[in-house]
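This report refers to the structure that appears directly beneath it.
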Amino acid sequence: MAKYESGVKQIASPISKVYAKLSDLNNLEALKTKLDDPRMAEIMKEKLPEEKLAEIREKLDSMQFDRDSVSIDVPPVGVVAIRIIEREEDKCIKFESTNSPIGFKLWIQVLPTSDTSCKMKLTIDAAVNMFIKAMVDKPLKEGVEKLADMLAMIPYA
């Protein structure tokens, strides 16, 4: 197993709102339409280059959500899915892969910093052997950081 952790991300929303949104994956489907909102597009343009926004839009379009799982088409691998396996209210959400060439667990930890803000950290524990690790090490490090950045940018209010 190889562990990959994101940096700690500050979120200007109360922990209860962040946890509520992230613990029901149906809430994340709203991101698809939010990116088409001109106000959200402006906020995103300040944080990301246009080509990254286009990449995010494309990935969001291929995602399917329900309360406990999300799946995404990842060429050339195919559809990769994760599902929530444990919820610890206002603290942690644990996921595991259900359809992935590499088995992994992901958890999102949130901690309050004040009544109106919190911090978040993502961890991925991937089942990779030493031969595969050389190929997936960099993409997994970058992937966990990008996912944390994306989740930190979601409007939680």
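The values are calculated or read from the model by the stated rules, or taken from the named source; none is laboratory data. Computed from a prediction, not measured in an experiment: that's the story for all the values here. All Cβ positions, even for glycine, are placed from backbone atoms using ideal geometry, and neighbour counts span all protein chains on display.
Okay, here's what the table says:
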read-out	value
Ala152 vs. criteria of a type in the set (A, V, I, L, M, F, W, C), modelled with pLDDT of 90 or more, within 23 Å of Leu48 (Cα to Cα) and in contact with a Leu (Cβ under 7 Å, 6 or more places away or on another chain)	no
Given (1) of a type in the set (A, V, I, L, M, F, W, C); (2) exposed (fewer than 13 other Cβ atoms within 10 Å of the Cβ); (3) in contact with a Leu (Cβ under 6 Å, 6 or more places away or on another chain), index of the condition Val77 fails	(3)
Which numbered condition Arg57 misses (of (1) surrounded by 14 or more Cβ atoms within 10 Å (Cβ to Cβ); (2) charged (D, E, K, R); (3) over 15 Å from the mean Cα position of the chain (by Cα))	(3)
Counted residues, region 101-142 - those being within 16 Å of the chain's Cα centre (by Cα), free of Cβ contacts under 8 Å to residues at least 24 places away in the same chain and not in a strand (DSSP E or B)	2
